[in-house]
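Comments concern the structure below.
What follows is calculated from the coordinates using simple rules that are stated; it is not laboratory data. Since this is a predicted model, take the numbers as computed values, not measurements. Note: ideal-geometry Cβ built from the backbone for every residue, glycine included; neighbour counts use all protein chains shown.
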Amino acid sequence: MRLWVWMWEKVSDGPACHVHVFVYEAHQQRIKYDAQKTMKVMFYKNNTKTMEASAYDVAYDLSGSGCSPSDKFAIVLHGWIQSCSDEWALSLIERLSYYRGGCVMCIDYSVVASSSYMRLYTNFDTLTGAISSIILTLFRQGFDPKRGYMFGFSFGGQLASAVGRSLRPHNIIESIDTCDMAGPGFDPIAVDHSKAGKHVQCFHSSRDKGTFVYSCHRNIMLGSCGLKQPSVASQLHLGSHGLCVDIYINTFDYPFYAVNYTPPECFTWQKAAKIPDGYTVGYEENFDSQVTGQIFVPTSLHYPYNLSKKQLKLLTNLT
């Protein structure tokens, strides 16, 4: 693909200008490939992988997938140096299959994601367009965006938001959840992530890899102000960033209680949500539109990383 850039340069005080035409190779030969041709769509029904299709297909023969356009559907998007075969992705697919049901799809772009972060980042628009095309194909086959859910971790979180926004105004995904949406390369550009879907909630867990743009309907600040997790002391291989998706998966089975105040050490980037006592965060089948804004959720040192009501009360009394 060639991008023609026209630049006007004034070279004297007079009216004469020289026109310089530069031809820019958008994809140099050494990194040139068609990203969409390397992408796969994995279909799951009842936590069983039923079909794998090329993202390059203009239509999917769903007869072997067990999926029906009348089903609820969920889409999972992974991060850098990851794939749909990662342990967290398979665990999330299992939890979604059990609690949500319907058809679960994981879009695998691991060929593009396996190289440097910069190389992946330069393909962001290409991936956004390819994933949007996949979802539009599903809509043409009868899938209903009102029955849709999308999840993205890290770089996949940024993709989920961009894809959701690109589908508007004709198609609005019902629910989008993201986990520690990537910051490098994206911040500090202000993006209204709430435009990505009807209900968008974003979990934040790290200061070094996660975004500081808090514009989702809900911004759930895990651990210490959404910047650090106590459990990094026991899970060094994951770090605060990687722990986000583990915590999200654990919310299906364990209660993660929110505090109904802003911790004194935390800065409020957005209005604090008004939450009822005993409010828990995580995947939400029926989104409560009355609860929006920043939500603070303390986490613990050890798996499954939640605090009991007793521990939460003790913490509250200490603040």
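One table, with the values for the structure above:
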{"quantity": "Percent of alpha-carbon pairs separated by more than 17 Å within the stretch 47-154", "calculated": "54"}
{"quantity": "Using alpha-carbon coordinates, inclination of helix 124-140 to the longest axis of the chain, degrees", "calculated": "70"}
{"quantity": "Largest to smallest principal axis extent of the C-alpha atoms in the stretch 145-292, angstrom", "calculated": "45, 37, 28"}
{"quantity": "Greater than 21 Å apart at Cα, pairs in K146/K271; K228/K274; K40/K209; K45/K146; K198/K271; K72/K274", "calculated": "K146/K271; K228/K274; K40/K209; K72/K274"}
{"quantity": "Difference of contour (0.36 nm per residue) and Cα-Cα distance, D192 to S85", "calculated": "35.5 nm"}
{"quantity": "Computed E for S234/D125 - FRET, C-beta separation, R0 45 angstrom, nearest 0.05", "calculated": "0.70"}
{"quantity": "Estimated distance in nm for a label pair at S114 and T262, the labels positioned 7 Å out from Cα along Cα-to-Cβ", "calculated": "4.6"}
{"quantity": "Packing-based ranking, highest mean first, of 34-44, 75-85, 132-142 given that Cβ atoms within 10 Å are counted", "calculated": "75-85, 34-44, 132-142"}
{"quantity": "Relative contact order (%) - criterion: Cα under 8 Å, at least six apart; region: the stretch 131-180", "calculated": "46"}
{"quantity": "Potential extension, K309-T137 segment - 0.36 nm per residue separation minus Cα distance", "calculated": "57.4 nm"}
{"quantity": "For the chain: rounded, prolate or oblate by the Cα gyration tensor [a/c cutoff 1.5]", "calculated": "oblate"}
